[in-house]
Amino acid sequence: MSKAGVLVISHGSRSPEWIELIDRAVADIGDLGSGTEEVPIVSSFLEIVEGRLIQDGIDSLEAQGVTDIVVVPLFVSYGSTHVEEIRYALGDLPAPSFDTDLQPFRLRANVHMCPPLDDDPVVADIVFDRLRSLTDRPERQRVLLVGHGSEIPQFYRRWKTGMDRVAARLRLLGGYADVRSALLLPDETREAFADWRESEPDCDIVVVPLFLSSGYFTNTVIPQRLDGLRYTYDGKALLPHPSVSRWMERQAAERLKRIGPRRNLC
């Protein structure tokens with residue numbers, strides 16, 4: 001007898017507003033195509049949020065009889081080291097490629113991993129929607145997507161590959177003069193500005209943070225890195241946007257289908 005459940009994992013924050021954004025997005029997940037049996041959904045966090053950590057989420061689902069856990073990592077990129085260490089701790093990877101303090105979780109259920117947001121088309125769609133209020137002459141405007149990044153080479157490459165694909169899709173959607181990606185680790189932001197200003201000193205540049213939600217990086221770090229430069233910026237991140245919930249809904253539903261007819265027979 002089997003039963004499936006969904007575990008959404010995000011980073012965690014000391015900000016109640018940040019947690020509320022995540023909770024609202026998870027609560028908005030709709031039909032998972034599971035038939036008459038309701039699929040339990042639990043939102044958990046990698047760190048900081050005591051009582052709602054990943055182990056707490058696993059325990060909650062298993063206490064409800066769940067034997068197959070579909071894990072939705074609510075992270076922006078495959079380049080996040082957190083995605084890899086979570087996969088390792090859930091038994092989805094034999095070992096991480098870097099040192100981590102995260103220990104394997106205690107679990108009996110089977111784990112079925114979904115991908116992070118990364119270059120899913122929904123990311124460019126959300127950014128395009130956000131840009132509508134910031135761009136009025138797209139054919140003359142340059143868009144700079146700014147992400148967190150990583151100093152570890154293989155994770156840097158994952159960040160860059162995913163963001164460049166988002167940039168390419170966004171360029172097609174919006175008809176912008178150019179769309180590029182820049183990471184904070186290592187810092188590439190001012191270099192992108194220099195390239196554009198050299199070719200067209202008076203060009204309009206719009207900066208968009210590719211972060212899950214607004215916070216320290218969007219409100220402080222990015223403006224500090226771009227201090228003294230001329231650009232348009234509103235600091236808005238991917239959340240709150242209904243498409244994030246639709247993405248989680250789609251990821252979970254597709255993975256549930258692959259589990260097969262054993263699902264939710266308890």
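Of all residues in segment 166-216, those satisfying the criterion of being closer than 17 Å to L117 by Cβ, touching a strand residue (DSSP E or B) at 6+ places or on another chain (Cβ under 8 Å) and not in a loop (DSSP other than H, G, I, E, B) are V166, A167, A168, L170, S181, L183, V208, P209.
Return the only residue of E84, E62 being over 26 Å from V123 (Cβ atoms) and either out of contact with any Gly (no Cβ under 6 Å at 6 or more places or on another chain) or in the same structural domain as R158 (by TED's automatic domain parsing) (or both). Steps first, answer last, please.
Details: E84 fails: over 26 Å from V123 (Cβ atoms).
Being over 26 Å from V123 (Cβ atoms) and either out of contact with any Gly (no Cβ under 6 Å at 6 or more places or on another chain) or in the same structural domain as R158 (by TED's automatic domain parsing) (or both) holds for just one of E84, E62, which is E62.
E151 passes every criterion in (1) buried (at least 19 other Cβ atoms within 10 Å of the Cβ); (2) in a loop (DSSP other than H, G, I, E, B) apart from (1).
Of the conditions (1) surrounded by 15 or more Cβ atoms within 10 Å (Cβ to Cβ); (2) in contact (Cβ under 8 Å) with a residue 12 or more places away in the chain; (3) not aliphatic (A, V, I, L, M), D187 satisfies every one except a single condition; which number is it? Answer for D187: the failing condition is (1). Count of segment 221-249 residues, restricted to those that are modelled with pLDDT under 95 and closer than 30 Å to G65 by Cα, is 0.
Inspect all residues belonging to segment 101-122 and state whether any of them is assigned to a helix (DSSP H, G or I), surrounded by 17 or more Cβ atoms within 10 Å (Cβ to Cβ), among the acidic types (D, E) and out of contact with any Asp or Glu (no Cβ under 6 Å at 6 or more places or on another chain). No, the conditions are met nowhere in segment 101-122.
The values are calculated or read from the model by the stated rules, or taken from the named source; none is laboratory data. Only a predicted model underlies this, so the values are computations on that prediction, with no experimental measurement involved. Here the Cβ is made from the backbone with ideal geometry for all residues, glycine too, and neighbour counts use every protein chain on show.
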